[in-house]
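Single-structure report; data block below.
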């Protein structure tokens, strides 16, 4: 028996439940983040996502006298309890599977969250047993909000009740919190009580990120299960009712989830079903959720015969963000054959438009969105265009036209946060003290790292694209006079953009003009949107120069740098405490999602050079085996070896990789079919 490698401690797995809840940990079983837990339940407001079951200690004892721990624990720096065996680990249909080879015993473990339930099944199967042995399972818990520091004291006055092998654990400190229900199914296992023992644990990633690193977990005791060859049993932990849990037993739940995942692959576009694409189709499923706790939203959708849907921006800590949702919509839903859910997502956000803006994000456990964003609403025009082009759903478009027209009117006359058209040149400007309104939105301790107040290049590219789309939609629906008015705004924007944003010294575009410090000549990926969008605002004669600058200074194997090397603010690594990380967040750090607009722009400039466009997929494909296994991280260091950072699973990273796979497959087919 050999202990696990450091790779097993650094690689992480995650599964989700379609509600925003999840189960996640390191492959070794050690909780290294405050967000790790076997059951992070998505609960009704005001709770939000709550870590109900943090950790499961697993120990095997044989009749021949040996004892082996299966899961890692760390109780203090330098005091780590490593497993006695390095398990085999793999994803099967996106679900984690461990295999433990012990002396005379082979044990398999699978973890599953049933769809649309705050439930986790930890299922064990004894594949080989040449001796008698038993498994001890010790659950540990804290019942804390997943954003709460691990140093917060856990409730040591939890109340445990039991009836016929079914256990309920109630928080006496927070009585309104639903109980954690636990049982071992398909085995006569009993819970040996320890009178509520508490142990301290150390969280290495929290320590590295500058957060509180040490904290207590409570345990009621441990289950003991006798192991015999062929035996299969499941530890169930849930906040659902016992009736719900008994309706679909664990074996049926595993079969149902596998069937659901097979259907996800069957309905996806054939163009994305490469080896990499299949993994990402299943990864994409993690982000599409039914929003829990926003009851008014659900009631409104139900009244219209619809279902509320939204997109989690990233795991572990993001909620649903408007910008990320709209950028991700095409890759997560349209190329994966989930167009009905795309429509539901769009209709959900259309109901939240206020003062010409959609929410930037919805706070954890809250009902109301926060609207401090200048670009999310403009991305919604693009998302609606891709949806209608894919589905032909004119009804949703027709019903939303008054909203889209009102959005443009608000932008033309000016709306919140200084967002509005400058009447002098028709360009869109934005900026309010203390707010970060573009996607480059890092802020810490009141410091807005990249405020970009003024006229940002991608905002005007998005605004021009939105104007062109709205003009077309209005004409198609017979609103000719309104279409002509919008066309005049678009023409003014186009003319002013090409006059103001071109920088002869760098032979590419300014990042911001008329900013607080004048025109910003920093080489950033934002300029690519002037080419990549369906209605490019940049004159085609200048496309090649912009692409060459992006390829030379920004392109990496896993996405684009947010700032070119050589700039005084360039940061090669994203690490350290919160202030150090936010200082680097958009100052060189590579973003995987930017592979999408890079490929879009590249194929417009070099339509025959598919090999260069495809290089970004090579790096992202290799990345699927590190960090969050089977998914794509939020960001990467700016310099080699491009270490993955940030969220281990990011919606727009996965979505844009899927869209690139689909686009390159289609382009390759066109090239192969073209006459010689």
Checklist outcome for this item: Given 219-228, 274-283, the highest-first ranking by average Cβ count within 10 Å works out to 274-283, 219-228
Checklist entry - How large is log10 I(q)/I(0) at q = 0.14 Å⁻¹ when the Debye formula is applied to the Cα atoms of the stretch 6-250, each weighted equally and without solvent? => result -0.91
Checklist entry - Between the stretch 629-648 and the stretch 513-589, what is the C-alpha centre distance in whole Å? => result 18
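For the stretch 176-273, what class follows from the C-alpha gyration tensor (a ≥ b ≥ c being the square roots of its eigenvalues): rounded when a/c is under 1.5, otherwise prolate if a/b is larger than b/c, else oblate?
The shape class here is oblate.
Per-residue ellipticity at 222 nm for the chain, helices alone: DSSP H runs ≥ 4 residues times -39500 (n - 2.57), over residue total, nearest 500 deg cm²/dmol? It would help to have the intermediate numbers written out before the result.
Working: 18 runs with 220 residues, N = 676.
Calculated from helices alone, the mean residue ellipticity at 222 nm is -10000 deg cm²/dmol.
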Next on the checklist: 7 Å from Cα along Cα→Cβ at both residue 668 and residue 569: what's the point-to-point distance in nm?
Outcome noted: 3.9
Checklist entry - So how tilted is helix 480-500 from the main axis of the chain? Cα-based, degrees 0 to 90, rounded to 10. => result 90
Item to check | Distance between the stretch 12-65 and the stretch 188-236 - C-alpha centres, whole angstrom | outcome: 10
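Cα gyration tensor of the stretch 268-671, axes a ≥ b ≥ c as square roots of the eigenvalues: rounded (a/c below 1.5), prolate (a/b > b/c) or oblate? The partial results should precede the final answer.
Details: a/c = 1.23, a/b = 1.06, b/c = 1.17.
It is rounded, given that a/c, with a ≥ b ≥ c, falls under 1.5.
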Checklist entry - Between residue 551 and residue 193, what is the label-to-label distance in nm when each label sits 7 Å out along the Cα-to-Cβ direction? => result 7.2
Next on the checklist: At a 10 angstrom cut-off on C-beta neighbours, averaged per residue, how do the peptides 405-417, 150-162, 11-23 rank from highest to lowest?
Outcome noted: 11-23, 405-417, 150-162
Checklist entry - When each pair of different Cα atoms in the stretch 334-456 is counted once in the 1/r mean, what is the Kirkwood radius in angstroms, to one decimal? => result 15.7
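Run the numbers on the chain and let me know its relative contact order in percent, using alpha-carbon pairs under 8 Å that are six or more apart. Write down the numbers at each step before the final one.
Working: 1486 pairs, mean separation 74.9, N = 676.
The normalised contact order for the chain reaches 11 percent.
Just order 656-664, 240-248 by mean Cβ neighbour count inside 10 Å, highest at the front, would you?
Ranked by mean Cβ neighbours within 10 Å, highest first: 656-664, 240-248.
What's the FRET efficiency of residue 81 with residue 608 using the Cβ-Cβ distance as r and R₀ = 60 Å, to the nearest 0.05? Could the numbers behind the result be given before it?
Working: r = 57 Å, r/R0 = 0.95.
Once rounded, the FRET efficiency stands at 0.55.
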Checklist entry - Given the C-alpha centroids of the stretch 440-490 and the stretch 326-358, what is the distance between them in whole angstrom? => result 18
Next on the checklist: Can you divide the C-alpha Rg of the chain by 2.2 N^0.38 Å and report the result to two decimal places?
Outcome noted: 1.00
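Read the figures in this text as sums done on the coordinates, not as results from a lab. These numbers were taken from a predicted model, which means no experiment stands behind them. With ideal geometry, Cβ positions are generated from the backbone for all residues, glycine too; neighbour counts draw on all protein chains shown.
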